[in-house]
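*Asks:* Have a look at this one before I ask anything.
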Amino acid sequence: MQQVAVVTGGGSGLGREMALALAAAGFQVTVTGRTEAKLQETADAAVTAVGPAGVGEVRTAVLDVTDGAEVSAFFGSLERLDLLVNNAGTGAPAAAVQDVTEEDWRRVVDTNLTGSFLCAQAAFALMLRQKPSGGRIINNGSISAHVPRPQAIAYTASKHAISGLTKALELEGRPHGITCGQIDIGNAATSMTAKMGAGVLQPNGSIEVEPTFDPKVVADFVVKIAQLPTDVAVPTLMVMAAGMPYAGRG
């Protein structure tokens, strides 16, 4: 039976790479996001990379992960789900604590944390009732789930919270064959990390260029985890650009 996967935030960047890699591995993939045109670009890329619709097909669904009603309706429309990749996320403009706006704080937390919870909750319920039951959830974490960047309090707080979400889901899913883990990513080369090449603020106040790495590496890890036997869990995995400031940061 072909396995079914959902990748949130699948219209670009890491989400697109994850969706293409899963499709190439034979998963039936649905990518979600707020922009239909970007989602269709992912679906078209899958046809080019993987082949015509069928095995490895990528479907699209416009979805705002912060809207509980939309999330419930989308997951309620699925007959089965073997894998959820909670990838949708956002950041905020760099700002000192006293300058962070409430709007930016709520937008980041609503997307990165509440959106991940709502999707995980709906996926969890589906995995419980489907036959056979069970499944896997992979949350997109960050190096920021361990150590902060300067002037990124909302993003850092949201990714620390993802670690707690992951552990709680793994614990509650244990009796039901539902596993949950997270991949903590550091400087994968996407639009969000493009600024690294021009230099970014360091804890000591300096501006330094930081290395990045090919996001396809992360996508390959997602596939490897997704293909593991259901009795194997990967609670956490860290993947980062060699030489990026992680040790000693914060």
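Throughout, read-outs are computed from the coordinates displayed, never taken from laboratory work. Model, not experiment: these values are computed from the prediction. Glycine also receives a Cβ, built like all others from the backbone with ideal geometry; neighbour counts cover every protein chain displayed.
*Asks:* Could you give the angle, 0 to 90 degrees to the nearest 10, between helix 216-226's Cα long axis and the longest principal axis of the Cα atoms of the chain?
*Replies:* Relative to the chain, helix 216-226 is tipped by roughly 40 degrees.
*Asks:* Using only the alpha-carbon atoms, how far is helix 13-24 inclined from the longest principal axis of the chain? Give it as 0 to 90 degrees, nearest 10.
*Replies:* That helix lies at roughly 30 degrees to the long axis.
*Asks:* Could I ask something else about it? Given charges of +1 on the Cβ of Lys and Arg and -1 on the Cβ of Asp and Glu, with all other atoms neutral, how large is the dipole of the chain about its Cα centre, in debye to the nearest 20? Could you put the intermediate results ahead of the total?
*Replies:* Numbers: 18 positive and 23 negative charges, 89 e Å.
So the dipole magnitude of the chain works out to roughly 420 debye.
*Asks:* Dividing the Cα radius of gyration by the Kirkwood radius, what Rg/Rh value follows for the stretch 131-233?
*Replies:* 1.06
*Asks:* Right, here's the next one. Under 5 Å between amide H atoms, partner at least 5 residues away or on a different chain: which partners does residue 60 have, H built in plane at 1.01 Å?
*Replies:* Residues meeting the amide H criterion: 31.
*Asks:* Let me ask you something else. Could you list which residues have their amide H under 5 Å from that of residue 137, counting only those 5 or more apart in sequence or on another chain, with H placed in the peptide plane?
*Replies:* Here 84, 179, 180, 181 satisfy the definition.
*Asks:* Now for a different question. Can you tell me the relative contact order of the stretch 79-127? Whole percent, Cα pairs under 8 Å, sequence separation 6 or more.
*Replies:* In percent, rounded to a whole number, it is 59.
*Asks:* Taking R0 as 35 Å, what's the FRET efficiency between residue 102 and residue 69 from their Cβ-Cβ distance, rounded to 0.05?
*Replies:* The value I calculate is 0.90.
*Asks:* Gain in length, residue 204 to residue 49, computed as 0.36 nm per residue apart minus the alpha-carbon separation, to one decimal in nm?
*Replies:* 51.4 nm
*Asks:* Which aspartates and glutamates, if any, have their Cα less than 14 Å from the Cα of residue 159, not counting same-chain residues under 8 positions apart?
*Replies:* 110, 184
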